[in-house]
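Here's the structure we're looking at; comments come further down.
The values are calculated or read from the model by the stated rules, or taken from the named source; none is laboratory data. Everything numeric in this text was worked out from a predicted model, so none of it was measured. Quick reminder, even Gly has a Cβ in these numbers, built from the backbone with ideal geometry, and neighbours come from all protein chains shown. Accessible surface areas use protein heavy atoms only, side chains included; no ligands, DNA or RNA. Shrake-Rupley method; radii C 1.70, N 1.55, O 1.52, S 1.80 Å.
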Amino acid sequence: MKIKASYFILPLALGALSKNIALAQTISIETNKNALVLLADKKHDLNTVYFGPKLADSKEYANIDAVYGKDKDYSGQMASAYTPAGSRNLLEPAIQVIHADGNYSLDLQYVSNKVEHISDDITLTSILLKDPAYNFEVTLFYKAYFKDDVIEQWSNIRHSEKGNVTLQKFASANLYLKAPSFWLTQYHGDWAKEMRPEETQITHGIKTLDTKLGTRANLFQPSVFMVSLDKPATEDDGTVMYGGLEWSGNFRTDLELDPENNLRIISGINNYASPYQLKPNEDFVTPAFWYTLSRNGKGEASRNVQHWARNYKLLDGKGSRLTLLNNWESTYFDFDETKLAALLKDTKKLGVDLFLLDDGWFGNKYPRNGDHTALGDWEETKTKLPNGIASLVKGAQDNGVKFGIWIEPEMVSPKSELYEKHPDWVIKQPKRDEYYYRNQLVLDLSNPAVQDFVYGIVDNLFTKNPALAYIKWDCNAVIYNAYSAHLKNQSQFYVDYVRGLYKVLERIRTKYPKVPMMLCSGGGGRVDYAALQYFTEFWPSDNTDPLERIFIQWEYSYFYPALSSSNHVTDWSKLPIKFRTDVAMMGKLGFDIVISKLGESDMQFVQGAVKTFNDIKAVVWQGDQYRLLNPRENSVASIAYVNEAKTTGIMFNYLVNYRYGEGSSMQIKLKGLDAGKQYKVKEINLYPGTKSGINESKSYTGDFLMKVGINPKVSSGRTSVILQIDAQ
Ligand code: DGJ
């Protein structure tokens with residue numbers, strides 16, 4: 001790839017940085033609709049002067065100066081593009097350090113900037129800042145994805161002082177927004193309660209979103225959030241920014257409404273218990289913080305993020321995915337070769353691509369017959385699987401399906417041979433009692449020997465079974481009693497754990513670039529765009545009750561594409577199999593039910609549903625998503641996916657309110673169609689023996705369907721309706 005670069009350097013050496021040099025430098029980072037404008041002022045402070053709609057003439061950015069109220073900015077640093085602590089700053093810093101000589105002050109002054117044109121769609125702007133009093137520098141990076149209006153921002157921190165510098169805080173990004181008011185949408189949750197939204201107006205002071213859980217870091221709170229400007233954004237109206245940190249461990253985002261009523265957003269790795277000793281001439285590269293800004297509401301923002309993710313972030317984001325039958329909820333730990341042989345036959349009968357063997361296949365000294373034992377002992381349990389995984393892979397092939405397997409490689413059971421052999425590989429405090437989450441402990445991935453071991457688990461499986469087609473990578477425990485027997489400096493533990501994890505995943509992906517892997521974390525405890533560079537999909541929640549899933553998947557979909565969402569049909573709910581399957585079809589369809597116990601009609605239905613899904617999956621996975629009716633505000637939830645050519649739309653409609661007489665009383669307006677095209681509407685995925693309530697002989701213009709709409713006729717007798725809209 002040809003990379004073009006342009007440079008701007010202030011014409012003075014660092015040693016000569018002096019005040020009042022009559023030269024200001026405007027740096028604008030533009031995307032399709034937006035511009036982020038920074039100004040290196042005469043004093044060499046780098047401030048944000050604007051983040052909003054792009055101007056027609058980019059020369060005019062130089063005239064913006066500060067549109068942010070700065071009358072009472074005593075420090076001149078409220079709008080700092082990367083706020084240093086300990087000199088003039090009065091607010092939350094982005095970076096805080098202790099220099100090698102013990103001094104706590106930092107000033108960062110603009111030195112130069114550079115723009116690289118990575119492709120027609122991507123530019124990378126880097127800005128070098130230096131401290132005039134210390135040999136300390138930070139380079140800010142802004143990677144702008146033009147079409148999708150997304151920016152990824154990170155920093156590289158470096159020094160050449162005489163000794164280590166302690167990084168007390170080391171954010172990835174420091175944004176500055178201007179609006180009359182700000183509305184934060186954040187998420188909270190727990191096991192089986194993922195992605196519960198809360199929206200509040202941001203008041204003065206600091207609101208922090210963070211986690212200190214180490215692994216499974218999103219259990220209570222993910223790093224993704226939205227900020228609406230001026231008023232709460234709706235699906236198609238209002239200005240809204242989305243953001244999230246690309247980091248699978250502790251994160252921290254501070255949203256500070258400053259005394260001038262502007263919003264400062266500072267996001268990065270959580271500095272909790274993590275002062276980092278940075279050696280001279282070592283680079284500390286922060287993870288990226290991604291963000292997007294839409295002036296047409298949440299829908300446009302999410303379509304941009306989903307498109308960006310499929311094109312640039314999610315592993316194999318433009319590729320296909322495997323449908324599957326999983327045995328977790330149908331057998332739990334209780335299976336053997338005979339049961340699995342029957343399940344392989346069921347997989348074929350169902351018509352899905354792959355059988356996924358879940359937890360319980362390993363451990364001999366302490367067999368994995370429950371969740372108290374064997375994590376770490378990744379050898380087939382001889383009593384359950386005397387012929388090993390290899391015979392199962394072969395059995396799958398004989399049945400014309402693929403085979404996948406569950407692992408939880410970062411974990412160790414106290415009752416395991418691994419624990420007995422390598423107690424020093426286990427994260428635990430030497431002088432304290434062990435404390436367990438799901439009866440297990442976490443391995444110390446900051447230790448290269450442990451990294452080798454974890455890599456070896458995956459590598460051995462593939463080496464022994466080259467036809468293995470899928471991995472489900474689970475992660476059920478948080479980190480208690482954080483301590484590494486390997487690290488000399490405990491304060492690097494949380495950061496080095498995640499770096500160790502990425503090193504392992506990097507090695508796996510170097511050798512096995514595209515084998516599909518599901519990112520699971522006892523439900524949705526871990527999903528972010530750093531992890532998704534290594535995984536093809538994630539597990540949103542163990543809660544597979546379809547009614548719950550409508551809400552959970554709805555919220556995830558603001559940030560992640562349907563292609564990445566593993567949705568399984570299970571027995572969590574008594575709702576009809578059609579309802580359960582239809583909900584799972586809004587993503588990557590899988591089943592975790594006892595196929596052999598399905599009645600004749602149910603069986604006929606699921607077999608048909610798999611075929612239907614194969615017909616429509618390209619639209620769901622690669623199309624644009626439109627949220628039509630919000631289940632939080634209506635008795636019916638309605639979501640549509642439309643392909644790029646606008647020739648096919650798939651509209652999913654579900655009853656979410658089971659009170660008497662509830663249903664779709666009116667037409668639902670489609671979105672994203674071509675107004676000038678003629679479309680026909682048909683109902684698909686009907687349960688055997690039922691008739692569609694839709695008149696399929698009529699045709700409508702896109703204009704009609706988007707202005708007047710169509711009634712899917714959802715009612716207590718038709719709780720789930722999928723419509724296919726095809727251009728003629
Ligand atoms: C938690 C996962 O979310 C489940 O799907 C299942 O794989 C269990 N772990 C197995 O222990």
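For region 255-305, the extents of the C-alpha atoms along the principal axes are 46, 32, 20 Å, listed from largest to smallest. Taken per residue, the accessible surface of region 412-517 reaches 44 Å², heavy atoms only and a 1.4 Å probe. When the surface is traced with a 1.4 Å probe over the full set of protein chains, W572 keeps roughly 90 Å² accessible.
In region 625-727, Rg over Rh equals 0.95, where Rg is the alpha-carbon radius of gyration and Rh the Kirkwood radius from pairwise Cα distances. Extension gain, E434-K680: 0.36 nm per intervening residue step, less the Cα-Cα distance, totals 82.3 nm. Helix 493-511 and the longest principal axis of the C-alpha atoms of the chain enclose an angle of approximately 60°.
Note on region 295-350: the C-alpha convex hull projects to 6.5 nm² when averaged across all orientations. Label zone (T647, point 7 Å along Cα-to-C-beta; backbone nitrogen cut-off 13 Å) within region 587-630: 619. Seen through its C-alpha gyration tensor, with square-root eigenvalues sorted a ≥ b ≥ c, region 324-622 comes out prolate because a/c lies at 1.5 or above while a/b is bigger than b/c. Here the average projected area of the convex hull drawn through the C-alpha atoms of region 42-136 stands at 8.0 nm². Under conditions of 25 °C and 0.890 mPa s, region 245-284 yields 198 µm² s⁻¹ as its translational diffusion coefficient, taking Rh as the Kirkwood radius over Cα pairs in the Stokes-Einstein equation. Cα-based radius of gyration for region 140-205, normalised by 2.2 N^0.38 Å, reads 1.66.
Across region 625-727, the relative contact order, built from alpha-carbon pairs under 8 Å that are at least six residues apart, equals 33 percent. What's log10 of I(q)/I(0) for the chain at q = 0.07, 0.09, 0.11 Å⁻¹, Debye sum over Cα points only, no solvent? The Debye formula, applied to the Cα set alone, gives -0.52, -0.85, -1.20. Accessible area per residue for region 625-727, computed on protein heavy atoms with a 1.4 Å probe, is 46 Å².
A Förster radius of 30 Å combined with the Cβ-Cβ distance from A618 to T234 puts the calculated FRET efficiency at roughly 0.55. Seen from L278, the other residues with C-beta closer than 11 Å to its C-beta sum to a net charge of -1, counting Lys and Arg as +1 and Asp and Glu as -1. Using a 1.4 Å probe over the heavy atoms of the protein chains, calculate the carbon and sulfur portion of the accessible area of region 324-622 as a whole percent. C and S fraction of accessible area: 51 percent. In the complete set of protein chains, residue-level accessible area for T208 is approximately 60 Å², probe 1.4 angstrom.
Just the protein heavy atoms count here, and of the accessible area of region 48-114 at 1.4 Å, carbon and sulfur take up 48 percent. When the solvent-accessible area of region 625-727 is split by element, carbon and sulfur atoms take up 48 percent of it, the probe being 1.4 Å.
Estimated at the nearest 10 Å², the accessible area of E434 is 60 Å² with a 1.4 Å probe. Dimensions of region 173-243 along the principal axes, based on C-alpha atoms and rounded to the nearest Å, stand at 37, 26, 19, largest first. When the inverse distances between all different Cα atoms of region 499-575 are averaged and flipped, the Kirkwood radius reads 13.4 angstrom.
The length gained by stretching the chain between D571 and E60 to full extension, at 0.36 nm per residue less their Cα-Cα distance, is 177.9 nm.
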